[in-house]
1. Please report the carbon-and-sulfur percent of the accessible area for the range 319-370; probe 1.4 Å, protein heavy atoms only, DNA, RNA and ligands left out.
2. Under a point spin-label approximation (7 Å from Cα along Cα-to-Cβ), what is the Lys96-Asp219 distance to one decimal in nm?
3. Determine, for each peptide in 211-222, 165-176, the mean count of other beta carbons within 10 angstrom over its residues, then list the peptides with the highest first.
4. Just subtract the alpha-carbon distance of Lys70 and Gln246 from 0.36 nm times their residue separation and send over the number in nm, one decimal.
5. Return the lysines within reach of Lys227: Cα separation strictly under 23 angstrom, same-chain partners fewer than 8 residues apart disregarded; answer none if there are no such residues.
6. Assuming R0 = 45 Å, can you tell me the calculated FRET efficiency for the pair Leu52 and Lys228, based on Cβ-Cβ distance, to the nearest 0.05?
7. Quick check: residue separation of Ile211 and Gln178 times 0.36 nm, minus the Cα distance between them. What number comes out in nm?
8. Tally Lys/Arg at +1 and Asp/Glu at -1 over every other residue whose Cβ is under 10 Å from the Cβ of Phe272; what's the total?
Amino acid sequence: MANKKHTTTGNTRNLFENKDWRNKAFSCPNGVVRIGTSFSGIGAIEHAFVRLGIKHKIMFAGDIDANCKKSYFANYKISEKQWHTDVHDFDAKPYKGLIDLFVGGAPCQAFSLRGKHGGFEDTRGTLFREFARIVMECNPRVFIFENVKGMLSHDKGRTWKVIKETFEKDCGYDVHFQLLNGKDYGIPQSRERLFCIGFKEATSFSFPTPIPLQRTAYDFLQETFDKKYLLKQKGVNFITRSINHQKSYTQINGDVLLCQKRNQQFNWHGDFIFHPLTKCDDRRMPVDDTLFKVSDFEEMYYVKSHPEKYAITDDGNGHYTIHKDSLNNIDMDYGRFRKLTPRECLRLMGFDDSFKIVVNDTEAYKQAGNSIIVDVLIALLKELDITKYAE
């Protein structure tokens with residue numbers, strides 16, 4: 001009897017597997033999904049389609065940021081006539097009935113409620129109004145609206161009431177919404193966002209169930225990096241202050257990242273890496289004023305149980321290599337602190353290395369921090385069986 005309660009029957013196992021979105025197959029794998037996006041950024045939903053290998057066609061996209069456009073055009077098939085820069089000037093009526101999926105994350109300013117109109121009338125002067133207008137004009141079969149968690153509680157819930165009412169009454173959609181966190185869908189980052197899905201037809205829909213997190217931030221690090229990502233003394237002094245860790249402003253060698261922000265690498269907030277140094281030919285690596293003794297700081301921030309994960313060697317030409325080795329070959333007293341590279345930030349947003357970085361570091365950090373985690377969108381597309389909406 002003691003073992004019986006641990007036994008999983010075939011029927012129970014099949015039921016669990018059927019609920020796991022990772023095991024779901026697309027019903028129409030040869031269909032072409034027509035997608036449109038506004039506030040497109042660097043194309044998180046587009047990259048989700050690429051990673052899934054789903055046939056799709058970009059009907060329109062747009063963003064007011066010229067650097068986002070540069071990145072978007074470098075990575076996706078689109079023409080100038082399909083791109084809109086200012087969403088206020090975009091006319092979506094020519095696309096009516098031609099969009100299977102419309103996606104966007106409009107920045108939502110506080111609403112100035114006017115009288116007792118409610119719904120769309122209360123969204124004047126906001127970018128959300130433009131998102132809702134596009135929904136009404138192009139009439140997609142499904143839309144996904146993404147925003148920050150605070151949207152639900154803003155103005156004691158009245159803001160979200162107006163948004164939901166707009167989608168349901170003015171746009172005429174069946175609306176489902178839920179908070180989803182990237183760390184529940186395969187990406188080691190604590191990034192909780194509101195996802196609202198609207199269906200043109202009444203639909204029974206459940207959001208994808210969370211899955212066990214099997215990777216840590218370490219698994220997303222590059223094998224080599226340039227010395228420009230190393231912090232100087234002033235930065236190190238800031239990120240190792242206990243107060244910043246207590247308030248979750250900074251984290252060093254965390255398994256699960258704090259939520260990425262557009263400017264995190266330039267105000268010494270966010271995630272950082274500490275690398276102990278490996279010995280070279282049984283000699284301690286030279287120490288100068290840019291190398292920092294760990295014991296000089298309030299705490300030891302490297303992963304104490306696995307310091308070899310973060311050990312580095314210097315090739316002498318300004319490039320560092322992450323080096324896995326035995327503890328006997330690692331100098332635990334000296335090391336370097338650094339920020340994440342733009343590529344690492346993109347990886348930790350679900351963009352694989354096929355995504356081309358064509359902007360400078362400042363813009364790349366901003367683009368990663370402003371994007372949507374691709375793996376969350378992949379879970380949604382699988383749960384939706386998005387191909388059944390294809391033409």
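1. 45
2. 4.8
3. 165-176, 211-222
4. Difference between extended and current length: 59.5 nm.
5. Answer for Lys227, where 23 Å is the Cα cut-off: Lys261, Lys279, Lys293, Lys309, Lys324, Lys339, Lys356, Lys366, listed by chain and number.
6. 0.85
7. Length gained, Ile211 through Gln178: 10.3 nm.
8. Values: positive: Arg338, Lys339; negative: Asp271.
The answer is +1.
The values are calculated or read from the model by the stated rules, or taken from the named source; none is laboratory data. Computed from a predicted structure; not experimentally measured. So basically every Cβ, Gly included, is an ideal-geometry build from the backbone, and we count neighbours across all protein chains shown. Note: accessible area is taken over every heavy atom of the protein model, side chains too, but ligands, DNA and RNA are not part of it. Shrake-Rupley method; radii C 1.70, N 1.55, O 1.52, S 1.80 Å.
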